[in-house]
Amino acid sequence: MVLQGRYDTQTQSASAGQVMEGLRNATWVEFSSAGHSVITFSQCAKDIGVAFVNNPERSPDTSCTADLFPEFVLPRAE
């Protein structure tokens, strides 16, 4: 199981592909609104992680990622 934040500046997506080469039954999940360590703040990532730990032979339901969007904040004009 590889949980990848799209805006992760510490671990690039190319590294995830290299890690998955050595994993049997690997699943890669990208979180479009996240950076590094997505599992620490995303309930969606936690749910996917728990589902994987409970049954690593079954691909977890990743549909919760479809509702995640980046939240961009622009400075207010003064």
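Read-outs throughout are calculated quantities, based only on the coordinates presented, and are distinct from any laboratory measurement. Keep in mind the model is a prediction, meaning the values are calculated, not measured. So basically every Cβ, Gly included, is an ideal-geometry build from the backbone, and we count neighbours across all protein chains shown.
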Worksheet, complete the sentence: Filtering segment 36-47 for residues that are touching a residue at least 24 places away in the same chain (Cβ under 8 Å) and loosely packed, with under 14 Cβ neighbours inside 10 Å leaves a count of 1
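Residues checked against (1) surrounded by 13 or more Cβ atoms within 10 Å (Cβ to Cβ); (2) in a loop (DSSP other than H, G, I, E, B):
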position	(1), (2)
THR9	no, yes
VAL19	yes, no
ALA34	yes, yes
GLY49	yes, no
CYS64	yes, no
PHE69	no, yes
ARG76	no, yes
Worksheet entry | Single residue of segment 21-32 satisfying the filter (touching a residue at least 24 places away in the same chain (Cβ under 8 Å) and over 15 Å from THR65 (Cβ atoms)) that is surrounded by the fewest Cβ atoms within 10 Å (Cβ to Cβ) | ASN25
